[in-house]
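The values are calculated or read from the model by the stated rules, or taken from the named source; none is laboratory data. The structure presented is a predicted model; accordingly, all values stated were derived computationally and were not measured. We place every Cβ from the backbone using ideal geometry, glycine too, and count neighbours over all the protein chains shown. SASA here: full protein model, heavy atoms, side chains in, ligands and nucleic acids out. Shrake-Rupley method; radii C 1.70, N 1.55, O 1.52, S 1.80 Å.
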Amino acid sequence: MPENPPQNQTQAGPGPDVHPGAVSYGQARFRRPPGAADILVIRHGESEAAHMDKPFPLVGGHADPELSENGREQAQRLAERLGKYPIDAIYVTSLRRTAQTAAPLAERLGLTLQMEPDLREVNLGEWEAGRFRKMVADNHPIAERMWAEERWDVIPGAETSEVFTGRTGGALQRIAAAHRDQLVAVVVHGGVIAALLAKATGSRPFAFLGADNASISRLVLTPERWMLRLYNDTAHLEP
C-alpha cells in the first residue's frame, strides 16, 4: 500500500517507434477525487478466546472481549506500519477491542480516538457473549444455514442484515462527510468490514467476510460513490 494517497503519473515521452510530435496517452495511477474521503478500514486485533463457562461481558448487548496477547502485538505492528501516514483522524467503536487496537497508532500520531457507536459489530442475539464461536465450530445447523443464506438473522434474536448495513453505512457516510480531502482510519469488526465492502461493490452479503485481524482495507467515498481500493492487506503482520 503506498505511503500517501497515490497521484496521477504521466509517461516520460513517446517510445523510439513513435513519430516525434505524435500525441500519446499514457496510463495514470488512481487519484482521489476532490472532496472525497480516503478511509482505511482496519479490523481489530485478535481478541481473547471464548470460554462457555466464562462468557464475554456485554456492552449494549454486544460481546466485549479484550485483545489477546497476540492481538496486542498485532496492534503494535499496525502502528509501526501506519505511524508514518498523514492520518487526520482515527475512529473506533463502543467495543474495547477496537480502542485497544487503535491506541498505539493514536499515540504515535498524537491523535485522540473518536467513537462511532454505529460501527459496532452485528448483534448476534442469543449467540452473543462468545457462543457464536462455539456454534460455528460445532457446525450447528443454524450456523450452516447462516453461511448458505448469507444472513445473520437466521440466528435467534440477531440483527437483520438490512438494519446492520444501514447503520454501519450511515456511520461511514457521516465520517466521510466530516473528512473530505482527508485520510481517516476506522478500526472496526469483521462483520462490519464485510457489510461496508459489500455495499461499496454490490457483492454478495458475505463476499468479504473473513478479513484478518489487524488487516487494512481501503475505501474512497464521494457523496455519489463508494470505491474499494484495497482489501485485507496484512503485510505488516508477516514474519
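I'd like the full set of residues that are at pLDDT below 90, within 30 Å of Thr101 (Cβ to Cβ) and of a type in the set (D, E, K, R), limited to segment 1-42.
The answer is Glu3, and nothing else.
Of the residues Ala211, Ala195, Ala176, Ala171, only one is of a type in the set (Gly, Ala, Ser) and over 20 Å from Glu121 (Cβ atoms); which?
Ala176
Just checking, does segment 159-168 include any residue being in contact with a strand residue (DSSP E or B) (Cβ under 7 Å, 6 or more places away or on another chain) and either within 28 Å of Glu48 (Cβ to Cβ) or not polar (S, T, N, Q) (or both)?
no
Here are some conditions: (1) open to solvent by 80 Å² or more (accessible area, probe 1.4 Å); (2) closer than 24 Å to Arg218 by Cα; (3) of a type in the set (A, V, I, L, M). Met52 meets all but one. Which one does it not meet?
Of (1) open to solvent by 80 Å² or more (accessible area, probe 1.4 Å); (2) closer than 24 Å to Arg218 by Cα; (3) of a type in the set (A, V, I, L, M), only one is false for Met52: (2).
Give the residues of segment 42-71 that are farther than 14 Å from Val187 by Cα and either part of a helix (DSSP H, G or I) or of a type in the set (Gly, Ala, Ser) (or both), sorted by residue number.
Answer for segment 42-71, where residues must be farther than 14 Å from Val187 by Cα and either part of a helix (DSSP H, G or I) or of a type in the set (Gly, Ala, Ser) (or both): Ala49, Ala50, Gly60, Gly61, Ala63, Ser68, Glu69, Asn70.
Please identify the pairs in which a residue from segment 49-78 that is at positive phi has its Cβ atom under 9 Å from the Cβ atom of a residue that is small (Gly, Ala, Ser), counting only partners at least 6 apart or on another chain.
Between residues of segment 49-78 that are at positive phi and residues that are small (Gly, Ala, Ser), the close pairs are Gly60/Ser94; Gly61/Gly125.
Being in contact with a strand residue (DSSP E or B) (Cβ under 6 Å, 6 or more places away or on another chain) and among the charged types (D, E, K, R) is the filter; apply it to segment 21-42 and report the residue that is surrounded by the most Cβ atoms within 10 Å (Cβ to Cβ).
Result: Asp38.
Give me the residue from segment 205-223 that is among the small types (Gly, Ala, Ser) and assigned to a loop (DSSP other than H, G, I, E, B) and, out of that set, farthest from the chain's Cα centre (by Cα).
Ala207
Within segment 137-178, how many residues are open to solvent by less than 50 Å² (accessible area, probe 1.4 Å), of a type outside the set (S, T, N, Q), within 16 Å of Lys199 (Cβ to Cβ) and part of a loop (DSSP other than H, G, I, E, B)?
Total satisfying the criteria: 3.
When Lys199 is evaluated against the numbered criteria (1) under 20 Å from His44 (Cα atoms); (2) part of a helix (DSSP H, G or I); (3) within 14 Å of the chain's Cα centre (by Cα), which criterion, by number, is the only one it fails?
Here Lys199 clears every test but (1).
Return the residue satisfying two criteria in turn: it lies in segment 224-239 and is charged (D, E, K, R) and assigned to a strand (DSSP E or B), and of such residues it is farthest from Gln76 (Cα to Cα).
Out of the qualifying residues, it is Arg229.
Go through (1) in contact with a strand residue (DSSP E or B) (Cβ under 9 Å, 6 or more places away or on another chain); (2) open to solvent by 50 Å² or more (accessible area, probe 1.4 Å); (3) not in a loop (DSSP other than H, G, I, E, B) and name the single condition Ile193 misses.
The one condition Ile193 does not meet is (2).
Output the residue which, of all residues in segment 87-136 that are buried (at least 18 other Cβ atoms within 10 Å of the Cβ) and among the hydroxyl-bearing types (Ser, Thr, Tyr), is farthest from Ser161 (Cα to Cα).
Taking the candidates together, the pick is Thr101.
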